[in-house]
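Notes for the one structure printed next.
Nothing in this text is a laboratory measurement; each read-out follows from the coordinates by a stated rule. None of these values were measured; they are calculated from a predicted model. Virtual Cβ from ideal backbone geometry, glycine too; neighbours counted across all protein chains shown.
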Amino acid sequence: MLKLYGGARSRASIVQWYLEELEIPYEFVLLDMEAGEHKQPEFLAINPMAKVPAIVDGDFNLWESGEILLYLAEKYGHLSESLEKRSEITQWETLKRLLRTEKRFSVYYERAIGPIARDVLI
């Protein structure tokens, strides 16, 4: 049976919702993130990045919510056979990653580089 690993109030909730919508049997493994369960060797063997969500499907491990959703959609026959439709999905997934990266850089810039740059420029 597929196992979904997640924490309270994590992105695992979207994967859990999708599993429920598709009526796919699964076991939810709630990790205590505050206690650092996601940094223990047992979970690091599933996801070396120590992030949730992650799934174990037989001998296959996968992490990152978007990739998990795409995997489930394809495995259970809910991904379009059309190259154009699959490309649109990939396009949106790529944009999501880009925007997350830009947001992280923006936060990093504001906290780390911004004050240094202001000191140099003033």
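Selection of the range 25-80 for residues being in a helix (DSSP H, G or I), more than 21 Å from residue 93 (Cβ to Cβ) and of a type in the set (Asp, Glu) yields 37, 42. Listed by first and then second residue, the pairs with beta-carbon distance under 9 Å, at least 6 apart or on different chains, first residue in the range 72-93 and more than 20 Å from residue 16 (Cβ to Cβ), second surrounded by 15 or more Cβ atoms within 10 Å (Cβ to Cβ) and of a type in the set (Val, Ile, Thr), are 80/89. Given the criteria closer than 24 Å to residue 77 by Cβ and within 13 Å of the chain's Cα centre (by Cα), does residue 4 qualify? For residue 4, the condition - closer than 24 Å to residue 77 by Cβ and within 13 Å of the chain's Cα centre (by Cα) - is met. Can you tell me which residues in the range 77-99 are in contact with a Gly (Cβ under 8 Å, 6 or more places away or on another chain) and among the basic types (Lys, Arg)? Of everything in the range 77-99, those that are in contact with a Gly (Cβ under 8 Å, 6 or more places away or on another chain) and among the basic types (Lys, Arg) turn out to be 96, 97.
Aromatic (Phe, Trp, Tyr), out of contact with any Lys or Arg (no Cβ under 8 Å at 6 or more places or on another chain) and part of a strand (DSSP E or B): is that true of residue 5 in this structure? So residue 5 fits the description; yes.
Scan the range 8-22 for residues that are part of a loop (DSSP other than H, G, I, E, B) and within 15 Å of residue 71 (Cα to Cα) and jot them down. The one that is part of a loop (DSSP other than H, G, I, E, B) and within 15 Å of residue 71 (Cα to Cα): 22.
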